[in-house]
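Peer 1: What follows is a single structure, and I will ask about it in a moment.
Read-outs: derived from the displayed coordinates by stated rules, not from any lab. These numbers come from a predicted model, not from an experiment. For neighbour counting, all protein chains shown are included, and Cβ atoms are generated from backbone atoms with ideal geometry for every residue, glycine included.
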Amino acid sequence: MEAKRLGSNTINNLPPSIIETILCLVPFKQAARTSILSREWKYHWTKIPKLVFVEDAVKASDDGYKERFSITSQAKRKLFYAINQVMSMHQGPINEFSLDTYVKDQCIEIDHIIDHLSRNNNLKKLTLDMSGYWLPESFFSLHKLTDLYLHCCRLDVQPTFTGFGSLTNLYMESVIITKKMLLLFLSSCPLLKTVNLNPDLGSLPDTDDSTIIELFDCLPVIENLSIRLSMMPHFDQGRVPNKLPAALVHLKYLCIRDTHSIYRHRIPCYVFLIRSSPKLEKLKLKVFCDLRFGIQSYSTDAAHRLNNQLCDIAINWAGGLHHAKMCEASGFYYISDLVLGILELLKSLEEIGEREGKFYAINISLKDGIDDTSFTRLFKTINSKVVETYQPGVIVLQCGADSLAGDRWAASKLYNGANLIDMLNVLCWDTYFLLLFDLLQDMLNVLGNWRWRIY
């Protein structure tokens, strides 16, 4: 009993600052429930400087986003009632506030919450994930903000906006805004050092002709920048400069996010950003890789068609990205559709060999400088015997052009259609075929090579 009293007194005698720190580390709902522990703890939670509210209706599942849309008005009222109760009982400054809920366009309840925070005038960190909420005018009165995280909000910046003079960290994801308003907002926050930019610049009418140079002029002291390239065409007006007139001399970390980085028209954007960052220490490229869509899906779809005998020959002109490894990108490629296509084929086939040959493969090393005659002779002799011996149910043929003379990576002297001759010989064999042409190895070389040989 004495030990219990001693333990209780030890907790109750902790300095208020330590108690506040402890309560900030647990979910706010649980922090509020500590009021039942003892008389001394009844009001500790009302002094927590960090308030976090997350809509309970959102579940961590594949359908969570849909469930969020279907939240009942009664549940929404309960959430706002709870927030109002907490804020009315709260004592002392609110330094951090976070709200994650679904609202569309305007919401008077959230307007009142932001009004309250602006009157409190101590808020330093604000996180709003609203899925369409139109930020009220009082939002622009939060002059002490140092950290701002906005997701799926609408931001209407007016010329009267005097700026957030203390803001150093900005996260802007899918925020509906015009180019002119974006530049006004960024230029009114002169101390920005860490910025994540992925605004929605296409949802509102916008005739502004601001340039990409004007965009980066708004970030004179930026040190850490994450940007999605899809926003840059809104500013480049069809032409990307070689580099900025005034370099980003403070930029040390650059993260480029791009869902279509494989396309060549994006390369000038990469070069522009890197050339404009002379003190860059770390560069990170993020490429969206969804196996359900894109070039790699065509190879799996082609294999699926072969498995179901919907065709005898299936072709993916852009397939054959064969350098990628299982756990990392390699040789210009981040995914190997060649392997994915084969894995799809193996759902219907068991082409793994047998007895001493199980799991083995035949690999023929060719010397540098091999010519058409030697290559064709080797190909016919070896592969004809392989097909005769193993009688494969399907053949996957990689038809890239990087083996041809003139390719910067090639060490051969293949000129006169050896690839085409080999392909035609293969197609004479009585089996199914998956042809991959590696269009992205060098698009012009591949197209030119096969156009010249076919016609």
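Peer 1: Over the stretch 50-287, calculate the relative contact order: mean separation of alpha carbon pairs under 8 Å at least 6 apart, over the residue count, as a percent.
Peer 2: That works out to 11 percent.
Peer 1: Once the other residues with Cβ under 10 Å from the Cβ of Asp129 are scored (Lys, Arg +1; Asp, Glu -1), what is the net sum?
Peer 2: Net charge around Asp129: -3.
Peer 1: Moving on. How many nm is it between the label spots at Asp312 and Tyr81, if each spot is 7 Å from the Cα in line with the beta carbon?
Peer 2: Rounded to a tenth, the inter-label distance reads 7.3 nm.
Peer 1: When ranked by the protection proxy of mean other Cβ atoms within 10 Å per residue, highest first, what sequence do the peptides 337-349, 80-92 form?
Peer 2: Final packing ranking: 337-349, 80-92.
Peer 1: Continuing with the same structure: What does the net charge come to around Asp206 if you take all other residues with beta carbon closer than 13 Å to its beta carbon, with K and R at +1 and D and E at -1?
Peer 2: Every neighbour counted, the sum reads -2.
Peer 1: Let me ask something else about it. What are the ³J(HN,Hα) values, in whole Hz, obtained from phi via the Karplus relation 6.51 cos²θ - 1.76 cosθ + 1.60 with θ = phi - 60°, for each residue of the stretch 273-281 in sequence order, with x given for Gly and Pro?
Peer 2: Using θ = phi - 60°, the values come out as 5, 6, 5, 8, 10, x, 9, 4, 10 Hz.
Peer 1: Let me ask something else. With θ set to phi - 60°, apply the Karplus curve 6.51 cos²θ - 1.76 cosθ + 1.60 along the stretch 368-377 and write out the HN-Hα couplings as whole Hz, x wherever there is a Gly or Pro.
Peer 2: For the stretch 368-377, the Karplus-derived couplings read 4, x, 4, 9, 4, 4, 5, 5, 4, 5 Hz, x marking Gly and Pro.
Peer 1: May I pose another question? Give me the distance in nm between label points sitting 7 Å out from Cα along the Cα-to-Cβ direction at Gln158 and Asp115, one decimal.
Peer 2: 1.5
Peer 1: Using r as the Cβ-Cβ distance of Asp217 and Thr127, and R0 as 25 Å, what FRET efficiency do you calculate, to the nearest 0.05?
Peer 2: 0.35
Peer 1: Using +1 at the Cβ of each Lys and Arg and -1 at the Cβ of each Asp and Glu in the stretch 50-287, identify which of Val249, Cys152, Ser88 lies farthest towards the dipole's positive end.
Peer 2: The one lying farthest along the dipole's positive direction is Val249.
Peer 1: In sequence order, what are the phi-derived ³J(HN,Hα) couplings for the stretch 168-182 according to the Karplus relation 6.51 cos²θ - 1.76 cosθ + 1.60 with θ = phi - 60°, rounded to whole Hz, with x for glycine and proline?
Peer 2: Listing the rounded values in order: 10, 10, 10, 10, 10, 10, 6, 8, 6, 7, 8, 4, 4, 5, 4 Hz.
Peer 1: Working out 0.36 nm times the residue gap between Ile108 and Val52, then minus their Cα-Cα distance, what length gain in nm do you get to one decimal?
Peer 2: Between Ile108 and Val52, full extension yields 18.2 nm more.
Peer 1: Separate question: Go through Thr207, Phe140, Val221 and say which Cα lies farthest out towards the positive end of the charge dipole of the stretch 50-287; charges sit on Cβ, +1 for Lys and Arg, -1 for Asp and Glu.
Peer 2: Farthest towards the positive pole: Val221.
Peer 1: Do any trypsin sites (Lys or Arg not before Pro) in the stretch 79-143 lie in a DSSP loop with no more than 13 other beta carbon atoms within 10 Å, and if so, which?
Peer 2: For trypsin sites (Lys or Arg not before Pro) across the stretch 79-143 that sit outside H, G, I, E and B with at most 13 neighbouring Cβ atoms in 10 Å, the list reads Lys104.
Peer 1: Could you work out how much longer the chain between Ala329 and His143 gets when fully extended? Use 0.36 nm per residue separation minus the Cα distance between them, nm to one decimal.
Peer 2: Roughly 62.5 nm would be gained on extension.
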